[in-house]
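Report on the following structure.
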Amino acid sequence: MLSSPWYPPTPEFVRQLSKALNAITTPGSFAAFREFPWSSMKPILVHDVGHIAGFPLQETVARDLIAKARQAPYGKGSETFVDTSVRNTWELDASQLELSPQWNSVIEDACAWAAKELGVTVPVRAELYKMLIYEKGAMFKAHTDTEKIPGMFGTLVVYLPSTHEGGDLVLKHGGVTKVFRALGTQPSMACWYSDVSHEVLPVTSGIRWVLTYNLAISQPPNQPSPILSTGPSAAGMSVAGLDSLRTALGAWVALPDGHDKPDYLFSLLDHTYTEANISLASLKGADSHRMRCLKDACDMHNVTLYFGLLEKVVKGACEPHFEWIQPRKRRRGKRNGKRYEDSDDDDWHDFSVELDSKLSIKPLLTADGRVVRKSLKLREYVLDRLLIQDCENPFEKAAQQETDYSGYTGNSGATAKHWYRMTVAVLVRNDAVGEFLTPGLSLEEAVHLLQDCLEQCSNLETRRTAVSIVCGLAPLVWGRKRNSRSHLSVYPPLNNFDINLASRFIQVMLENREYKLVSDAITWYGTQTREELFRLIAKRASQDPQCFNHIKDSLLQNILLRHVEDREQLVYALYLPVEPYQSQYRQWAANEVLPGVLCACSVPNAGEEHGGAIARMGSRLGGMGYVKMTVIPLIQEKILSTPFALEAVLALLSYANTGLLDKQTTLELCYPLLKSVLEAMSPSTLLGKKAEEYRAAKQGQQSYRGGFSYVRSEYREALSATRFIYPALLAKGLNYCIQFGWDELVRLFALKVTANIKDIPPGEFGDLWVAFVRELMPALEEANLLSLPRYRELACAILEAYLDKYVGMEQAGVKPVSCDCPDCTDLNRFLASAETEWLLNADIQRTEHVEEKIRQSAQAGIKVAPESVGQNSRALLVKKPRGAEGWVERFKEAMFEFREFHQERLKVLLGSAMTRLPTCVGFV
């Protein structure tokens, strides 16, 4: 036999729990029997037989019934078999029967009696199932009933008057045996729970005639669990008894953490249940009363109550039967979707040596019957110490024993597997629910479990249990540290999860005041915490000191991890227009959050969006005093970063225009700042960024590993934003200078650009400087400054440099030929154009003349291919200049750029300078 690890003796609190549970008694038994008067007997209509109104049953009528009946089968696993050595009786289905309306009152009275006798305190109903006829010698070996309809918990048998002897009903449960003997012609009835083992002894004479009913909970439509509010409760137990149960459970929870404090306990149930019918609402007899009292104590002490089918599989060596011809014989039920394998060998194979054993719960369910885990593996020795009942071998009397026997094969000895099952209640401390549920739990199962529990949190009846599961499971699912006592691996980043589930989790935790988990969740979810959820958290923190103390640090850290634009929106969310505020919250937002965010925006690689965010947040949330004391110094520190400083100054000027800041004071502060920005500006180092490219870079710039941001390599250059600038920002800056009459700054800007025009990289003209001229033109037109010489010179300098440095004014290696004949004139026009092919329709003599002129001018990039078409001749000239392969593409790009201009404004802006642009640019 396998030995289990040694553990200390059973703790005192376990013994006290066992004592308290055993002290809980309830009226009722597992089975009951009674007679009822002849006056209750009413006619029965059997199709194809007729009305039966005369009682007791006559021999001729019995034969007519048997003629319309069939041999009754018995169930084995998921299959049914007809075997008269196991069950020998005749049956008629309920569809073959019609009972007169007078039977209704009889059955209603029987239901009330059965409920009282079985200790069921909720209304029950009876559904007609079969009519059974037992002849002489008929019997049914010991078996249990299957649950055939929803809510079924037992069986009701009505003995109809019929002269017979034998056929006694023998019922066994929990070591108690009851024998019911019908008195021949006296009407009587019996009831029992469906898991009770019972058998019908052989009929020695006459005919045993009965109606069988399925007993089930009476359940109104659209009310799935009425028993939760009407069933047995702790109120039915004496105060002293309930207090002792609560005290014993509280002693367990109050133990200091350590090896002697188990995370969970087991309690055996008296009855056995199926997966489809195990819940607090469906418990039977004493189980119902005890577990409801236990549930009451669990709710008081933050313990979650589960139910499950505890299964033990034992493999061992056994004595072989030397079945040389048929070495493998089996007897087993349905397991893992496989059906029984019937066999002639029905022996139970005892082990000579136990080789292995496994313990699991299949499935684990909440108190209201929802499946939490389909299968949960346990360490075998848990029952040695964690079982509340004092039972040396709890599986010794376990129901539904099965065996799988493998006989001697020549290569190995005979072995067998035994399955034992029993129903248990599992008590789990709320702070240990996560660890209890997670062994072997996949990520997909964990998410599904959390989602299911969060949905249950909206139900008042299941809320407490669901919240306890969520509180225990969430830290292990989304936490970033591996818990050494759990079996979870480190999970992937949160972005693999459904963000809706994360949002719902935070909402539920806020509703239940689980602020520590809210704080953890803000950290776990990182930047995926939605803005509306952030506002909800901030609102609660602003009004609840306990919430504020838990989440203030994680809120600030969450903001600082975000992109600057998101960061700005969340800072605004902290300043909620809801009163009253805690003074502590207000001071924290003003003295820690805003300065922290502003400093975070002033990073070495800060770009224009950082500068704008600083100015906007400082102006809107701090006012002019804050701008003077904090924002201006930050801009001065970053004056060399043109995009950052320029955007910050322009944001302040925009608020001066709208009245948010005092205009005169703001202009006095911004003029020297803007002058310093322009003096420090180096046009040759600025990089243009197209809007769509910049947005794409920002969207992909960050990902998260373990809650910390990191920059993906392909976006590192995009994040070095100190040189990237929008052309519209430059135009806006010049526009403000025009608006406020700062001509000195306009001249300074124009001088800076024209003086450095030769150093500007050719590739930056189209994205930045040509686009800048285009953005500036509407403002110049509005101010009637389009024709002003200083702006004309600036525009001409930029456009000429663009055409000269980027496009190129002529093609390298292409020179005109020295001939004025019509064909050579057309040839020169072709050489100077952007065309790459030209078809010369001429005779052979004219074609040879053109070829000769091309050779004389050393046009190496021109190929001439003469062709003959009928009596006519022609030549195809193909141009491929040396060193100017990309000129055509640049030329087409320039055409597109200039077509984007408003043509009338461009003519006014350039004036006579239009003639200074090369004629090869046909659009000018």
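Things to note:
- Residues of the range 727-780 that turn out to be under 21 Å from residue 801 (Cβ atoms), not in a loop (DSSP other than H, G, I, E, B) and not small (Gly, Ala, Ser), as a count: 28
- Residues that are of a type in the set (Phe, Trp, Tyr) number at least 1 in the following helices (runs of 4 or more DSSP H) confined to the range 588-655: 623-626.
Results for (1) at pLDDT 80 or above; (2) loosely packed, with under 15 Cβ neighbours inside 10 Å; (3) closer than 30 Å to residue 729 by Cβ, shown as yes or no for each residue.
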{"site": "776", "(1), (2), (3)": "yes, no, yes"}
{"site": "795", "(1), (2), (3)": "yes, no, yes"}
{"site": "798", "(1), (2), (3)": "yes, no, yes"}
{"site": "818", "(1), (2), (3)": "yes, yes, no"}
{"site": "821", "(1), (2), (3)": "yes, yes, no"}
{"site": "824", "(1), (2), (3)": "yes, no, no"}
{"site": "827", "(1), (2), (3)": "yes, no, no"}
{"site": "835", "(1), (2), (3)": "no, yes, no"}
{"site": "840", "(1), (2), (3)": "yes, no, no"}
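- Selection count, the range 111-134, where residues are at negative phi, small (Gly, Ala, Ser) and touching a residue at least 24 places away in the same chain (Cβ under 8 Å): 2
- Scanning the range 720-734 for residues that are at pLDDT 90 or above and of a type outside the set (A, V, I, L, M, F, W, C) yields 732, 733.
- Residue list for the range 251-295, restricted to those being part of a helix (DSSP H, G or I), crowded, with 18+ Cβ neighbours inside 10 Å and of a type in the set (Gly, Ala, Ser): 281, 282, 285, 286, 288
- Wholly enclosed strands (runs of 3 or more DSSP E) of the range 107-215 bearing at least 1 residues over 22 Å from residue 54 (Cα atoms) and open to solvent by 60 Å² or more (accessible area, probe 1.4 Å): 124-134, 139-143, 169-173, 176-180, 203-206
- In the set (1) open to solvent by 10 Å² or more (accessible area, probe 1.4 Å); (2) in contact with a helix residue (DSSP H, G or I) (Cβ under 8 Å, 6 or more places away or on another chain); (3) at pLDDT below 90, the condition left unmet by residue 784 is number (2).
- Matching option when the condition is at negative phi, touching a Gly at 6+ places or on another chain (Cβ under 7 Å) and at pLDDT 85 or above, among 36, 30: 30
- Leading residue by the ranking (modelled with the lowest pLDDT) among those in the range 409-464 that are buried (at least 18 other Cβ atoms within 10 Å of the Cβ) and of a type in the set (Ser, Thr, Tyr): 462
- The listed residues are 791, 802, and the only one of them that is within 25 Å of residue 672 (Cα to Cα), part of a helix (DSSP H, G or I) and not aliphatic (A, V, I, L, M) turns out to be 791.
- A residue that is open to solvent by 60 Å² or more (accessible area, probe 1.4 Å) and either part of a loop (DSSP other than H, G, I, E, B) or modelled with pLDDT of 80 or more (or both) occurs nowhere in the range 910-918.
- If only residues of the range 312-327 that are at pLDDT 80 or above and open to solvent by 10 Å² or more (accessible area, probe 1.4 Å) are counted, the one that is farthest from residue 364 (Cα to Cα) is 315.
Matching residues to (1) modelled with pLDDT of 90 or more; (2) hydroxyl-bearing (Ser, Thr, Tyr):
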{"position": "107", "(1), (2)": "yes, no"}
{"position": "110", "(1), (2)": "yes, no"}
{"position": "130", "(1), (2)": "yes, no"}
{"position": "141", "(1), (2)": "yes, no"}
{"position": "152", "(1), (2)": "no, no"}
{"position": "167", "(1), (2)": "yes, no"}
{"position": "176", "(1), (2)": "no, no"}
{"position": "185", "(1), (2)": "no, yes"}
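- Pick from the range 735-773, criterion of a type in the set (Asp, Glu) and modelled with pLDDT of 90 or more, ranking: least open to solvent (accessible area, probe 1.4 Å): 743
The values are calculated or read from the model by the stated rules, or taken from the named source; none is laboratory data. Just so you know, these numbers come straight off a predicted model, no measurement behind them. Backbone-built Cβ (ideal geometry, glycine too); neighbour counts: all protein chains shown. Ligands, DNA and RNA are excluded from the accessible area calculation, which covers all protein heavy atoms including side chains. Shrake-Rupley method; radii C 1.70, N 1.55, O 1.52, S 1.80 Å.
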